[in-house]
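Accompanying notes for the structure given below.
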């Protein structure tokens with residue numbers, strides 16, 4: 001059985017450690033937080049004092065951003081310094097496509113394989129990950145990622161494989177762009193209807209009755225904002241910033257994303273950074289329009305994905 005290393009024991013790393021240990025794997029962990037290391041040790045993990053010492057046959061990195069990942073991978077006593085022939089590094093952190101491209105180039109000079117990836121959990125990570133009710137998207141050449149994909153299939157419900165390490169990062173950002181922009185326009189629509197005396201919940205019934213399922217799903221997601229699932233607005237802002245920085249480098253105009261980012265800035269300025277995106281937009285538009293959207297919210301818990309047989313899916317370009 002392959003040895004597993006895990007760098008990062010935060011919001012996603014902590015439940016990931018729990019999941020891997022529950023499956024019976026030996027796990028070496030590193031984090032700069034001594035309390036996090038102690039908690040992982042109580043679960044059965046082996047804590048170490050540096051990222052270099054945390055390397056395994058497969059090393060998973062789960063850190064907030066490119067700054068922390070760069071330090072953990074390439075800094076003094078970093079992961080790259082401890083790699084052996086045939087080792088694999090899987091970056092599931094909140095890094096951007098440009099970082100993944102650069103990391104792939106740097107790992108080409110080492111005896112290891114670099115795999116870029118992202119985690120997709122429909123519920124809160126602390127709940128979904130320990131139960132395996134989530135998906136992992138990874139990117140790389142099939143012959144180089146196949147063994148890692150098979151290992152991850154035991155960890156998550158679905159492993160989706162893309163051709164390049166940077167693609168999972170780009171696609172995850174694209175998902176956030178879709179979701180956040182939809183949340184903004186939905187909050188705006190609900191405010192507009194409410195100001196006229198129309199119940200947005202009645203509008204939702206109309207969407208369902210007319211067969212407008214895609215629009216109904218977006219409206220319902222906004223109305224379920226009180227469940228507090230989904231990423232915080234501060235994380236969404238980070239993804240927008242990454243998208244706009246890449247667009248500037250490529251000289252591609254993104255006027256709608258730029259406007260959506262400004263709306264997020266307004267919400268952050270009002271203190272809604274820790275709200276999930278639908279909730280933050282609901283609060284912001286109540287302030288902007290004076291409309292009372294409290295009735296346009298459902299006390300419904302978001303369900304975890306149904307259990308099914310784990311699978312690996314390869315998506316070619």
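All of the numbers you see were taken from the coordinates with simple rules; none came from a lab. A quick note: this is a predicted structure, and the numbers were derived from the prediction, not measured. Cβ coordinates were reconstructed from backbone atoms using ideal geometry, including for glycine residues, and neighbour counts include every protein chain displayed.
For a quick check, take a GNM of the chain with Cα springs below 10 Å and name the residue from 152, 83, 288 with the largest mean-square fluctuation. Most flexible of the set in this elastic network: 288. With the highest mean first, a sort of the peptides 180-187, 136-143 on other beta-carbon atoms found within 10 angstrom per residue produces 180-187, 136-143. Treating r as the C-beta distance of residue 76 and residue 256 and R0 as 51 Å, the FRET efficiency rounds to 0.75. Using C-alpha pairs under 8 Å with a sequence gap of at least 6, the mean separation divided by the residue count of the chain gives a relative contact order of 16 percent. Taking 262, 196, 105 in turn, the Gaussian network model of the chain (Cα-Cα springs below 10 Å) assigns the largest fluctuation to 196. With the chain treated as a Gaussian network of Cα nodes joined by springs under 10 Å, which of 30, 240, 151 yields the largest mean-square fluctuation? Of 30, 240, 151, the Gaussian network model singles out 151 as fluctuating most.
Applying the Kirkwood pairwise sum to the alpha-carbon positions of segment 170-289 produces a hydrodynamic radius of 14.9 angstrom. If you take the Cα centroid of segment 237-287 and the Cα centroid of segment 151-186, the two points sit 18 Å apart.
The label point for residue 98 and the one for residue 195, both projected 7 Å from the Cα toward the Cβ, are 3.8 nm apart. Of the beta bridges in the chain, as assigned by DSSP with both residues counted there, near 20 percent are antiparallel.
Distances between every pair of Cα atoms in the chain, grouped in 10 Å steps from 0 to the bin holding the largest one, split as 6, 25, 31, 23, 12, 4, 0 percent. In the chain, the calculated helix contribution to ellipticity at 222 nm averages -15000 deg cm²/dmol per residue, counting -39,500 (n - 2.57) for every DSSP H run with n ≥ 4. Estimated at 0.36 nm per residue, the fully extended path between residue 313 and residue 141 surpasses their Cα-Cα distance by 60.6 nm. If I fit a long axis through the Cα atoms of helix 34-43 and take the longest principal axis of the Cα atoms of the chain, what angle between them do I get, 0 to 90°, rounded to 10? Once rounded, one gets 80 degrees.
Once the Cα atoms are used to define both axes, helix 97-107 deviates from the longest principal axis of the chain by about 0 degrees. Relative contact order for segment 170-289: 38 percent, from Cα pairs under 8 Å spaced at least 6 residues apart, divided by residue count.
Give the shape of segment 1-159 as rounded, prolate or oblate, defined through the alpha-carbon gyration tensor: a ≥ b ≥ c are the square roots of its eigenvalues, a/c under 1.5 means rounded, and otherwise the shape is prolate if a/b is larger than b/c and oblate if not. It comes out rounded by the Cα gyration axes. Out of all DSSP beta bridges with both ends in segment 96-195, state the antiparallel percent to the nearest 5. Around 55 percent antiparallel, to the nearest 5. Antiparallel beta bridges, as assigned by DSSP with both residues in segment 2-76, represent about 0 percent of the total such bridges. The angle between the Cα long axis of helix 13-22 and the longest principal axis of the Cα atoms of the chain comes to about 60 degrees, rounded to the nearest 10.
Shape of segment 1-93 from the C-alpha gyration tensor: oblate (a/c of 1.5 or more and a/b not above b/c, with a ≥ b ≥ c the square roots of its eigenvalues).
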